[in-house]
């Protein structure tokens with residue numbers, strides 16, 4: 001357990017606090033009106049939530065970031081959680097993405113296009129659009145009314161003629177010199193941003209002024225276009241006002257929890273009508289304080305969207321002091337008051353009940369069906385391998401290497417037939433020559449010595465990708481550690497199962513649910529190992545001495561590393577071998593580099 005900190009050194013101000021482990025990794029991010037008082041509550045005497053006890057047992061240091069207000073601290077908390085994904089925080093997981101219109105305002109000649117990913121990339125995003133089909137309509141209006149580009153080409157004004165969009169009056173044509181000016185194009189982009197932001201009261205006088213200016217200049221076709229654009233914007237503004245008066249603008253939340261898994265349903269009510277719904281899921285969340293869950297959910301949910309409703313309805317009461325900074329943050333972003341409340345009667349209460357019913361149905365569809373399939377598969381394994389109990393927790397190891405370098409052992413975990421990705425681990429194996437048996441033994445030793453020392457649960461079944469040799473190496477490692485586990489080796493060629501104590505392999509029918517589960521675990525371990533290989537090779541490419549060779553680009557470096565394994569071996573290779581690997585031009589460049597560096601390095 002990390003030592004209780006000296007609270008006097010922490011600020012009595014709003015902000016966030018970061019619990020870190022011994023390696024500096026962030027374990028938990030929290031916000032507080034007073035950082036010092038909030039931290040004091042963690043170390044006060046008395047019973048604590050199991051998650052809090054686990055956090056206090058693992059942390060080593062606590063850092064802080066001071067904010068001006070509690071709502072500013074909330075925004076900071078969201079940013080840190082999104083970037084670092086601390087494992088003790090409640091992380092938002094969504095099953096559906098909605099379209100946005102992205103305007104690349106970070107570029108010299110911005111373009112507009114539809115996307116379903118919102119990034120912190122310096123550009124502007126508008127949405128999400130509910131229902132999704134309305135996004136395409138918005139894009140058509142952007143093109144028809146404001147004529148900013150949608151293409152990806154580089155704009156340098158050197159093209160001889162514009163594309164068809166310019167002829168259709170759907171693009172101003174910045175790609176061809178003389179068709180528009182930078183000032184006129186930037187003006188159109190500003191109009192697009194105002195239109196997509198719903199700031200029609202600012203856009204309308206701008207369009208009216210442009211219409212009058214075009215008419216005075218006797219540019220009647222352009223004046224007519226601005227007139228039509230102005231009418232469209234005024235009609236949209238009128239529809240928004242009518243809808244606002246006709247009905248509510250609310251997001252309604254309902255939840256259902258069972259077996260440590262949580263489902264949340266969100267109903268989007270616009271103009272008094274339910275336009276769409278959204279489902280959110282948390283697997284293996286365990287027991288969480290309701291106040292912590294809902295504040296974390298709402299702050300992360302609305303941090304990822306540009307549209308905010310007037311009201312948010314929750315299925316249960318949350319303390320007012322917990323909601324105050326959240327309401328202030330949402331109101332500040334919307335520009336008008338946003339209220340979070342829990343309806344007790346009437347139509348609003350009925351909608352919350354519908355949202356809870358939807359969440360219950362989603363929970364059954366998402367978790368119970370998967371759990372039943374997982375139980376079926378693990379029961380089939382228990383029968384096939386003659387195990388004492390159903391292997392609820394399975395851990396699978398795979399060894400992968402690349403021509404003798406970057407050997408990794410990957411370990412993936414499946415619980416009740418489903419991957420528990422947060423528990424995956426990879427082990428870097430440093431050996432002069434590839435040795436799958438020794439690598440398996442080292443990974444198994446490192447894994448289970450630590451699990452035993454930390455009191456963590458052990459698997460009900462250990463799966464090794466390989467035959468008798470790999471399985472024997474794993475069993476010998478377990479014996480040295482002093483742990484006895486049921487284990488099986490899965491050989492790729494015939495998909496045979498090697499079981500300790502049996503002279504002949506076990507062959508299961510191809511459709512056997514237990515075999516399919518083992519194959520999934522083996523394939524997932526292989527995929528996870530390959531991902532580490534790619535990152536390692538990418539880092540090695542960036543650091544390779546081959547990059548010092550004048551004129552030798554990254555593509556040639558990658559080809560050479562794929563053949564020779566490392567930069568030193570490539571620099572020492574013969575001209576013939578280099579030419580065969582990367583071509584005569586690359587070989588000649590390396591040869592000149594070797595000569596200029598003091599002679600042949602072979």
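May I ask you to say which residue of 453, 473 is in a helix (DSSP H, G or I) and loosely packed, with under 14 Cβ neighbours inside 10 Å? Talk me through it step by step, then tell me what you get.
Working: 473 fails: loosely packed, with under 14 Cβ neighbours inside 10 Å.
On inspection, the qualifying residue turns out to be 453.
Considering segment 4-31 alone, what residues qualify as being under 22 Å from the mean Cα position of the chain (by Cα) and over 24 Å from residue 322 (Cβ atoms)?
20, 24, 25, listed by residue number.
Of 435, 465, which residue is surrounded by 15 or more Cβ atoms within 10 Å (Cβ to Cβ), free of Cβ contacts under 8 Å to residues at least 40 places away in the same chain and within 18 Å of residue 408 (Cα to Cα)? Write out each step before concluding.
On the way: 465 fails: free of Cβ contacts under 8 Å to residues at least 40 places away in the same chain.
After applying the criteria, what remains is 435.
With the requirement that a residue be over 26 Å from residue 116 (Cβ atoms), at pLDDT below 90 and surrounded by 14 or more Cβ atoms within 10 Å (Cβ to Cβ), what does segment 296-321 give you?
318
What tally of residues in segment 1-23 results from selecting those that are under 12 Å from residue 61 (Cα atoms) and either in a helix (DSSP H, G or I) or touching a residue at least 24 places away in the same chain (Cβ under 8 Å) (or both)?
In the first step, residues of segment 1-23 are kept if they are under 12 Å from residue 61 (Cα atoms); the result is 1-6, 17-23.
Checking which are either in a helix (DSSP H, G or I) or touching a residue at least 24 places away in the same chain (Cβ under 8 Å) (or both) leaves us with 1-2, 4-5, 17-22.
Matching residues across segment 1-23 total 10.
Look at residue 391 and say whether it is farther than 23 Å from residue 482 by Cα, assigned by TED's automatic domain parsing to the domain that holds residue 460 and touching a strand residue (DSSP E or B) at 6+ places or on another chain (Cβ under 7 Å). Talk me through it step by step, then tell me what you get.
Numbers: farther than 23 Å from residue 482 by Cα: no; assigned by TED's automatic domain parsing to the domain that holds residue 460: yes; touching a strand residue (DSSP E or B) at 6+ places or on another chain (Cβ under 7 Å): yes.
Here the answer is no, as residue 391 does not meet what is asked.
The values are calculated or read from the model by the stated rules, or taken from the named source; none is laboratory data. Computed from a predicted structure; not experimentally measured. Backbone-built Cβ (ideal geometry, glycine too); neighbour counts: all protein chains shown.
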